[in-house]
Amino acid sequence: MSDLKPILLVEDNPRDLELTLAALEKCQLANDVIVARDGEEALRMLTRRDPETGKPTQLPAVVLLDLKLPKIDGLEVLERVKSDPETRHVPIVMLTASREESDLVRSYRLGVNAFVVKPVDFKAFFQAIRDLGAFWAILNEPPVGCARRPAGTPPAGKGA
């Protein structure tokens, strides 16, 4: 079992899900990838609380969130996560086929960390997912107290 936080992938399209998982696997990230196939399932995962402390049980290193989802759409998931003080620091990348400017603008107003349009070309899509996985799971430094690295490991450039 890894001490690293997982990546939460929220995707309902089986083809995009398969390609995204393959690209993340190719990155050889140590992070587990958890899949939610609709917005309701994603919110359940993100809002699970420890009964004793009331704190979230396991927040992901990053959420790769599709915009158009069954049950609860990606914008509503984004809004709920970013409005909760316990989860608002979780990075969310909107990963969507939508090129609608209104989706882009609304996503940023709601606090999305990045908005990525899924490339149509297979190789470009694969590379985009690999880059996203590497950036958010490896390169990005989360806020203090939300560390993605195992306990006791100093941040890059600090310590021994």
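Need one value: the accessible area of Ser83 in square angstrom, 1.4 angstrom probe, rounded to the nearest 10.
80
Sticking with the crude label model, points 7 Å out along Cα→Cβ, report the distance from Asn13 to Asp32 in nm, one decimal please.
2.8
Sorted by accessible area with a 1.4 angstrom probe, largest first, how do Asp84, Asp131, Asp73 fall? Walk me through the intermediate numbers first.
On the way: Asp84 30, Asp131 85, Asp73 65 Å².
Accessible-area ranking of Asp84, Asp131, Asp73, largest first: Asp131, Asp73, Asp84.
Can you sort Lys82, Lys71 by solvent-accessible area, 1.4 Å probe, largest first?
I get Lys71, Lys82, largest accessible area first.
The values are calculated or read from the model by the stated rules, or taken from the named source; none is laboratory data. Computed from a predicted model, the values in this text were never measured in an experiment. Using ideal geometry, Cβ is built from the backbone for each residue, glycine included, and neighbour counts are taken over all protein chains shown. Areas reflect the complete protein model, heavy atoms only, side chains present, ligands, DNA and RNA absent. Shrake-Rupley method; radii C 1.70, N 1.55, O 1.52, S 1.80 Å.
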